[in-house]
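Enquirer: Can you keep this structure in mind? I'll have questions shortly.
The values are calculated or read from the model by the stated rules, or taken from the named source; none is laboratory data. Everything numeric in this text was worked out from a predicted model, so none of it was measured. Cβ: placed from backbone, ideal geometry, glycine included. Neighbour counts: every protein chain shown.
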Amino acid sequence: MQRWIIHVDMDAFFAAVEQRDNPQLRGCPVIIGGTGTRGVVSTASYEARKYGVHSAMSTLEARRRCPQGIFLATDHAKYSKVSSELLRIFSEYSPLVEPLSLDEAFLDVTGMEGLFTSPVDIAVTIKKRIQTELALTASAGVAPNKFLAKLASDMNKPDGLMVIRPDEIDRILADIPVSRLWGVGKNTTEILLKIGLKTIGQVAAADPSLLVKYCGQFGHTLHQLANGQDDRQVESDCQPKSIGKETTFSTDLFGIEELKTELWAQVEKVGWRLRRQGLSGRTVTVKVRFASFRTTTRSHTLGVAVNLDESIYHVAEELLGRVSLNEGVRLLGVAVSGLVTSGSQLSLFEQEDKKAEAVAKAVDKLKERFGEGTVMRGPTMIARKR
């Protein structure tokens, strides 16, 4: 049976949601996530992309290129809600749906022809439903495997649809730059260019031993991908490996008390997201980036998994105390990994945790009803004012 994978990728997702919800933003260059002088662009609308603004670009560079841009803070709660609606639509067309992020997912529709006319018709229908029900546009790629489907979804953006059939693989891949191969970043691209391999077609025709010589064991994977081969399965039950939050400050912070206040604000967001997804984690990691861009991380693994703000903060605060603060802090972050499905949290401080759990449940209900930013504990309010 021929395998068919669909990759659905929303078009400028965060910016598109904001433009949908605020008619005054439509047609304007909207830039999400770059509100501070040291921020980083998360998403740029297509109007902003005309000026060369793109994700991962610094705020300063985005403002230089597009001074008339409208910069908005990321509203994670809003985008997560829309993402849930997307997953609801996807699940009606396949039991195998693998979200990659809030705005993209793989669907394995192999054998679904008995319910729907064809894999292409499924992709067309999904795109129409996203437009009709959510007033957003998506691009889709339909192909025999995940690599090709993801590659295809990016070929005709925005609002595009691209199909790569088995007998078209070599022709379509032949002239695509090597940088578009899965897993190939700046360094690997430079290596491939140095040995004269500029296109995917050239990598496909190269001797695998040459690729291994210059790229290590990853060379075998490169050769397979370049020939359109990818046996990775769509994993419908995958969950995030970690949940975290980090902040780049507009001015460097020096005092430990200021940092602890910011740390609590971050922990409160991480705890909320863990509980909302029914997860707990055993490993807490604190990340500190100094003004010199030197970055330090400290981690601690607990004997039990936790998701309460107080439990996470107790560990994070201790980890922060292990970091020598001999210069200004540019960025602070906290993450929880080693995730498992939540049960009742166990702790050495059972009585205190019962109180904390009761408070968390009450606060979570208010956030679910009125939004994540509706309820903030004292330290978070101080951090927000800063």
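Enquirer: Against the definition (outside the structural domain of Tyr93 (by TED's automatic domain parsing) and on the phi < 0 side of the Ramachandran plot), how does Gly255 come out, yes or no?
Expert: So Gly255 fits the description; yes.
Enquirer: Hey, another quick one. Within the range 142-163, track down each residue that is without any contact (Cβ under 8 Å) to a residue 24 or more places away in the chain and among the aliphatic types (A, V, I, L, M).
Expert: Of everything in the range 142-163, those that are without any contact (Cβ under 8 Å) to a residue 24 or more places away in the chain and among the aliphatic types (A, V, I, L, M) turn out to be Met155, Met162.
Enquirer: For the condition among the hydroxyl-bearing types (Ser, Thr, Tyr) and buried (at least 17 other Cβ atoms within 10 Å of the Cβ), what is the one hit in Ser91, Ser45?
Expert: Going through Ser91, Ser45 in turn, just one is among the hydroxyl-bearing types (Ser, Thr, Tyr) and buried (at least 17 other Cβ atoms within 10 Å of the Cβ): Ser45.
Enquirer: Against the conditions (1) farther than 30 Å from Thr74 by Cβ; (2) assigned by TED's automatic domain parsing to the domain that holds Gly321, where does Leu210 fall short? Just the number, please.
Expert: (2)
Enquirer: Then there is this: Considering the range 1-31 alone, what residues qualify as being under 24 Å from the mean Cα position of the chain (by Cα), closer than 30 Å to Thr110 by Cα and either of a type outside the set (A, V, I, L, M, F, W, C) or at pLDDT below 95 (or both)?
Expert: His7, Asp9, Asp11
Enquirer: Of all the residues that make up the range 155-180, how many are among the acidic types (Asp, Glu) and either touching a strand residue (DSSP E or B) at 6+ places or on another chain (Cβ under 7 Å) or at pLDDT below 95 (or both)?
Expert: Counting residues in the range 155-180 that are among the acidic types (Asp, Glu) and either touching a strand residue (DSSP E or B) at 6+ places or on another chain (Cβ under 7 Å) or at pLDDT below 95 (or both) gives 2.
Enquirer: Restricting attention to the range 167-184, does a residue exist that is in contact with a Phe, Trp or Tyr (Cβ under 6 Å, 6 or more places away or on another chain), outside the structural domain of Val109 (by TED's automatic domain parsing), without any contact (Cβ under 8 Å) to a residue 60 or more places away in the chain and more than 15 Å from Asn227 (Cβ to Cβ)?
Expert: Quick first cut of the range 167-184, residues in contact with a Phe, Trp or Tyr (Cβ under 6 Å, 6 or more places away or on another chain) only: 182.
Next, only the ones that are outside the structural domain of Val109 (by TED's automatic domain parsing) stay: 182.
Restricting the remaining residues to those that are without any contact (Cβ under 8 Å) to a residue 60 or more places away in the chain gives 182.
Filter once more, so that each one left must be more than 15 Å from Asn227 (Cβ to Cβ): none.
The answer is no, given that none of the residues of the range 167-184 is in contact with a Phe, Trp or Tyr (Cβ under 6 Å, 6 or more places away or on another chain), outside the structural domain of Val109 (by TED's automatic domain parsing), without any contact (Cβ under 8 Å) to a residue 60 or more places away in the chain and more than 15 Å from Asn227 (Cβ to Cβ).
Enquirer: So Thr251 ticks every box in (1) crowded, with 16+ Cβ neighbours inside 10 Å; (2) closer than 30 Å to His314 by Cα; (3) not acidic (Asp, Glu) but one. Which box is left unticked?
Expert: Going through the list (1) crowded, with 16+ Cβ neighbours inside 10 Å; (2) closer than 30 Å to His314 by Cα; (3) not acidic (Asp, Glu), Thr251 breaks only (1).
Enquirer: Look through Gly219, Gly228, Gly201 and report the one residue that is closer than 25 Å to Ala143 by Cα, crowded, with 18+ Cβ neighbours inside 10 Å and more than 28 Å from the chain's Cα centre (by Cα).
Expert: Among Gly219, Gly228, Gly201, only Gly201 is closer than 25 Å to Ala143 by Cα, crowded, with 18+ Cβ neighbours inside 10 Å and more than 28 Å from the chain's Cα centre (by Cα).
Enquirer: Let me ask something else. Does Asp230 qualify as being closer than 28 Å to Asp103 by Cα and out of contact with any strand residue (DSSP E or B) (no Cβ under 8 Å at 6 or more places or on another chain)?
Expert: yes
Enquirer: Return yes or no: is Val234 more than 23 Å from the chain's Cα centre (by Cα), within 30 Å of Pro166 (Cα to Cα) and hydrophobic (A, V, I, L, M, F, W, C)?
Expert: no
Enquirer: Continuing with the same structure: Identify, by number, the condition in (1) at pLDDT below 95; (2) of a type in the set (Asp, Glu); (3) crowded, with 17+ Cβ neighbours inside 10 Å that Glu61 doesn't meet.
Expert: Glu61 satisfies every listed condition except (3).
Enquirer: With (1) in contact with an Asp or Glu (Cβ under 8 Å, 6 or more places away or on another chain); (2) closer than 30 Å to Val270 by Cα; (3) at pLDDT below 95 as the list, and Thr137 as the residue in question, which single condition is left unmet?
Expert: Here Thr137 meets the rest and fails (3).
Enquirer: Can you pull out the residues in the range 259-285 that are of a type in the set (Gly, Ala, Ser) and surrounded by fewer than 20 Cβ atoms within 10 Å (Cβ to Cβ)?
Expert: Hit for the range 259-285 is Gly278, nothing else.
Enquirer: Suppose we filter Ser179, Ser209, Ser153, Ser236 for residues that are surrounded by 18 or more Cβ atoms within 10 Å (Cβ to Cβ) and of a type in the set (S, T, N, Q); which single one remains?
Expert: Ser153
Enquirer: Something else: Residues to consider are Thr189, Thr132; find the one that is free of Cβ contacts under 8 Å to residues at least 60 places away in the same chain, among the polar types (S, T, N, Q) and under 21 Å from Val17 (Cβ atoms). So that I can check it myself, show each step before the final result.
Expert: On the way: Thr189 fails: under 21 Å from Val17 (Cβ atoms).
That would be Thr132, the only listed residue that is free of Cβ contacts under 8 Å to residues at least 60 places away in the same chain, among the polar types (S, T, N, Q) and under 21 Å from Val17 (Cβ atoms).
Enquirer: Could you go through the range 25-42 and let me know if any residue there is in contact with a Cys (Cβ under 8 Å, 6 or more places away or on another chain), aliphatic (A, V, I, L, M), crowded, with 22+ Cβ neighbours inside 10 Å and closer than 27 Å to Lys245 by Cβ.
Expert: So far as the range 25-42 goes, yes, one or more of its residues are in contact with a Cys (Cβ under 8 Å, 6 or more places away or on another chain), aliphatic (A, V, I, L, M), crowded, with 22+ Cβ neighbours inside 10 Å and closer than 27 Å to Lys245 by Cβ.
Residues are listed down the side, and each one gets a yes or a no for (1) without any contact (Cβ under 8 Å) to a residue 40 or more places away in the chain; (2) in contact with a Lys or Arg (Cβ under 6 Å, 6 or more places away or on another chain); (3) under 17 Å from Thr247 (Cα atoms); (4) part of a loop (DSSP other than H, G, I, E, B):
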site	(1), (2), (3), (4)
Arg289	no, yes, yes, no
His300	yes, no, no, no
Tyr313	no, no, yes, no
Gly333	no, yes, yes, no
Val336	no, no, yes, no
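Enquirer: Are there helices (runs of 4 or more DSSP H) fully within the range 17-116 with at least 1 residues that are closer than 25 Å to Ile6 by Cα and of a type in the set (A, V, I, L, M, F, W, C)? List them.
Expert: 76-91
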